[in-house]
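These notes concern the structure reproduced below.
The values are calculated or read from the model by the stated rules, or taken from the named source; none is laboratory data. Computed from a predicted model, the values in this text were never measured in an experiment. Positions of Cβ are backbone-derived with ideal geometry, glycine not excepted, and every protein chain shown enters the neighbour counts. Protein only, heavy atoms only, side chains kept; ligands, DNA and RNA dropped before computing areas. Shrake-Rupley method; radii C 1.70, N 1.55, O 1.52, S 1.80 Å.
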Amino acid sequence: MALSGVEEEKYHVPITEIDKRLKESVEAVARIEEDALLTGIGKNGTTPCIGIVTIAALERRLVRQLLVDLLVTKYSKEYFYMANQSSTVNNPVIIIGAPRTGTTILLELLGLDKSNWRQLKSYEATLPIVLKNSATKAAHGWLAGLEYILDGVRHIHHERWDGPTECRSALENGVGAPYTLWYVLGATTCLDAWLCDKERRFSDYSFYRQQLELLTSLSYINNNNNKHQTTWLLKDPMHTFSLDALFHAFPQATIVWTHRSPHNFAASMCSLLSSVWSRMLRHSTQKNNNIQQKQRKFDSAIIDYLALALKRAVIFRAENPQNSNNFIDISMDDLVQNPMAVIDQIYLFTGKSLAPNIRADMIKYLQQDHARKQRKKHAYQLSDFDLTFQDIDSKFATYTAAPFFPVSSSATSQKIKK
């Protein structure tokens, strides 16, 4: 902390709350090796264990989150007036939807139009204040190292360390939304506590907005106070857990919700996470031959929480009809079959104009993306994870029954390639 000159600053929440959050995170990590939710979900029924590299990465992540909290709290005071003159934070466009529903390619396509959209970069979410010292180098090094570790899943999902990122990293600053402990490591206890604590969720989303306001102010300074404003373009599937807090922080937000059959995105998500876990976790040599236990635990750790996130989002929309005009629903089937038509639909909804040269850039990007996916296809099926169509239909019934769900839930192909 002394390295950045913020040792006298205060966190955006009371220190007792910070202590509580740190304790929760440490205890969750300590329990992972004996967590029944993870039993048997490793390769060939093995149980994953936390390795030294993963522990070190989590420790540095917690320290960074605390550092960011102090930095943002300090510098937001200095740039408060400038940040509040900006409408770009008031009306962001935010892409949500279940993981593996096309949110990433949609973000990348729209992000090509830098005259209209302002994206959140990975290094900005990691360290919103650029410090010209070893702290910045450490943040960049950490991100580059993470990209290298996950290079093996590039054909499934890839994120450049210096490219656009999801909101999750910024939401976790200040030891906030505990998405990574669940999403990457399968630990659910911290997420359960966070979801039940409305005050904490609202506080963390307000702090996320504060980070965006600070980044907006710094952008003005770096551009010599240029008044040209672009709209924040944000993305994170995990927002479906907490739309009430999202709209509390951004009442005028436009939400682009991507949809896909749960049969497809559930299998794709399990495939992605199993690949990530194989790189983040080592495996015990003792095999668990209880297939039924393997099926139940993987299912409970991941699929049940995906269903919960979408159910919470559906309920929010049903209970808040005043926000109906804030949403535009996109089918991933349409995005795959006619992506530029979907792009046109979003531009019309947001009142933006798409320049011909940017349209050409988007078409070129789509062609390159298609060629890349042809080189190494991502193949998966529900049975790979001991899941059945009936399991998925039951768990995601609330989501597929929603009036805005634009795709058929009766998938006909068990073998899916993307």
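For region 215-250, the set of residues classified as modelled with pLDDT of 95 or more and open to solvent by 10 Å² or more (accessible area, probe 1.4 Å) consists of Asp244, Phe247, His248, listed by residue number. For residues that are closer than 27 Å to Leu71 by Cα, open to solvent by less than 50 Å² (accessible area, probe 1.4 Å) and part of a loop (DSSP other than H, G, I, E, B), tally how many sit in region 106-130. Result for region 106-130: 4. Checked against the criterion of being touching a Gly at 6+ places or on another chain (Cβ under 6 Å) and either under 18 Å from Ala98 (Cα atoms) or touching a residue at least 12 places away in the same chain (Cβ under 8 Å) (or both), region 346-361 contains not a single residue that satisfies it. Apart from one condition, Ile315 fits all of (1) at pLDDT below 80; (2) open to solvent by 30 Å² or more (accessible area, probe 1.4 Å); the exception is (1). Residue pairs whose Cβ atoms lie under 8 Å apart, sitting 6 or more positions apart in sequence or on different chains, and linking a residue in region 392-417 that is assigned to a helix (DSSP H, G or I) to a partner that is at pLDDT below 50, are Asp393/Ser409; Thr400/Ser409. Selection over region 371-384 of residues that are assigned to a helix (DSSP H, G or I) and modelled with pLDDT under 80 gives a count of 6.
Number of residues in region 318-370 that are among the β-branched types (Val, Ile, Thr), in a helix (DSSP H, G or I) and within 17 Å of His259 (Cα to Cα): the value is 4. State yes or no: is Asn338 under 29 Å from Pro403 (Cα atoms) and open to solvent by 80 Å² or more (accessible area, probe 1.4 Å)? So Asn338 fits the description; yes. Filtering region 17-35 to residues that are modelled with pLDDT under 65 and open to solvent by less than 50 Å² (accessible area, probe 1.4 Å) leaves Val29, Ile32, Asp35.
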